[in-house]
Amino acid sequence: MGDRLIAYSEWMSVDVILPCLDEAEALPWVIGRVPPGFRAIVVDNGSADGSAEIARSLGAVVVTEPRRGFGAACHRGLRAATAEVVCFCDCDASLDPQQLPLVAGPVLRGDADLVLGRRRPVARGVWPLPARLANRELARRVRRRTGVRVHDLGPMRAARRADLLALNLADQRCGYALEMLLRAAEAGWRVSEAEVDYRPRIGRSKVTGTPRGYWQAVRDMRKVLAR
């Protein structure tokens with residue numbers, strides 16, 4: 001299966017959107033593991049550690065989004081992309097870009113419209129319990145509301161660029177990924193999951209690694225559900 005997916009990447013270009021805020025330590029590993037046929041687009045969201053310059057030196061396309069927020073950065077990358085199929089991936093090395101073909105493959109083959117990477121922790125403590133429980137509860141609510149059988153709202157995902165733009169996503173913060181899934185379900189998209197490794201991140205987390213960041217993410221997603 002892996003060989004078959006990699007074969008797709010050899011003849012069909014895929015853009016990989018990497019929202020970035022102070023990820024200088026992780027960027028060499030992340031960009032160095034982007035597979036052939038996949039193009040890294042790093043969206044600098046106000047980094048003060050030279051992330052943009054490092055990304056450029058490693059051969060990535062770099063665009064800037066001055067509005068702070070995960071959703072704002074992701075959507076800026078989506079607008080900057082030119083490939084028919086795009087992937088999203090965190091830029092902190094918690095997800096391995098080498099596994100992007102597992103997520104992009106069903107979209108490239110026409111078997112799915114949106115594929116979510118279902119995270120599988122590979123080490124103890126990788127996924128803090130509060131974040132894991134919140135993710136599980138959100139997935140349960142999405143299943144109940146939409147009927148789409150998802151278990152993880154993970155940040156590694158793939159879809160067709162034009163279809164994503166047509167969803168008119170508006171959330172600029174941590175609710176972006178949830179809004180994408182809800183609107184895709186409402187539009188009747190075929191949604192599936194692919195297991196991906198979840199690794200210890202490099203550097204300090206700006207979201208679930210801090211109490212303030214964690215509760216902000218929870219609030220953002222509750223607002224999306226309420227809408």
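The values are calculated or read from the model by the stated rules, or taken from the named source; none is laboratory data. Because the structure is a prediction, the values reported are computed rather than measured. Heads up, the Cβs are rebuilt from the backbone with ideal geometry, glycines too, and the neighbour counts pull from every protein chain shown.
Among the residues of segment 159-195, those identified as among the basic types (Lys, Arg), closer than 13 Å to Asp113 by Cβ and touching a helix residue (DSSP H, G or I) at 6+ places or on another chain (Cβ under 8 Å) are Arg160, Arg161. The single condition from (1) of a type outside the set (Asp, Glu); (2) surrounded by fewer than 19 Cβ atoms within 10 Å (Cβ to Cβ); (3) part of a loop (DSSP other than H, G, I, E, B) that Arg141 fails is (3).
The set of residues in segment 27-37 being over 21 Å from Arg199 (Cα atoms) and surrounded by 18 or more Cβ atoms within 10 Å (Cβ to Cβ) consists of Gly37 alone. Checked against (1) aliphatic (A, V, I, L, M); (2) under 20 Å from Val30 (Cα atoms); (3) in contact with a Pro (Cβ under 9 Å, 6 or more places away or on another chain), Val103 meets all criteria but (3).
One line per residue, one yes/no per condition, for (1) on the phi < 0 side of the Ramachandran plot; (2) under 14 Å from the mean Cα position of the chain (by Cα):
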residue	(1), (2)
Gly147	no, no
Val150	yes, no
Met156	yes, yes
Ala162	yes, no
Leu169	yes, no
Glu179	yes, yes
Glu186	yes, no
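Taken as a whole, the condition of being of a type in the set (D, E, K, R) and over 25 Å from Ser51 (Cα atoms) does not apply to Arg173. What tally of residues in segment 115-134 results from selecting those that are surrounded by 13 or more Cβ atoms within 10 Å (Cβ to Cβ), out of contact with any Asp or Glu (no Cβ under 6 Å at 6 or more places or on another chain) and not aromatic (Phe, Trp, Tyr)? Selection size over segment 115-134: 9.
Residues Ala158, Ala112: which one is part of a loop (DSSP other than H, G, I, E, B), surrounded by 14 or more Cβ atoms within 10 Å (Cβ to Cβ) and at pLDDT 95 or above? Lay out the reasoning, then the answer.
Details: Ala158 fails: part of a loop (DSSP other than H, G, I, E, B).
Being part of a loop (DSSP other than H, G, I, E, B), surrounded by 14 or more Cβ atoms within 10 Å (Cβ to Cβ) and at pLDDT 95 or above holds for just one of Ala158, Ala112, which is Ala112.
The single condition among (1) touching a residue at least 40 places away in the same chain (Cβ under 8 Å); (2) over 17 Å from Ile202 (Cα atoms); (3) of a type outside the set (A, V, I, L, M) that Trp127 does not meet is (2).
Which helices (runs of 4 or more DSSP H) does segment 1-100 wholly contain that include 2 or more residues that are at pLDDT below 95?
Numbers: elements: 2-11, 27-32, 51-57, 70-80.
In segment 1-100, 2-11 are the helices (runs of 4 or more DSSP H) which contain 2 or more residues that are at pLDDT below 95.
The residue that is surrounded by the most Cβ atoms within 10 Å (Cβ to Cβ), counting only those in segment 161-199 that are in contact with a strand residue (DSSP E or B) (Cβ under 7 Å, 6 or more places away or on another chain) and among the aromatic types (Phe, Trp, Tyr), is Tyr198.
For residues that are among the hydrophobic types (A, V, I, L, M, F, W, C) and modelled with pLDDT of 85 or more, scanning just segment 130-145, find the one that is nearest to Tyr198 (Cα to Cα). Checking each candidate, the answer is Leu133.
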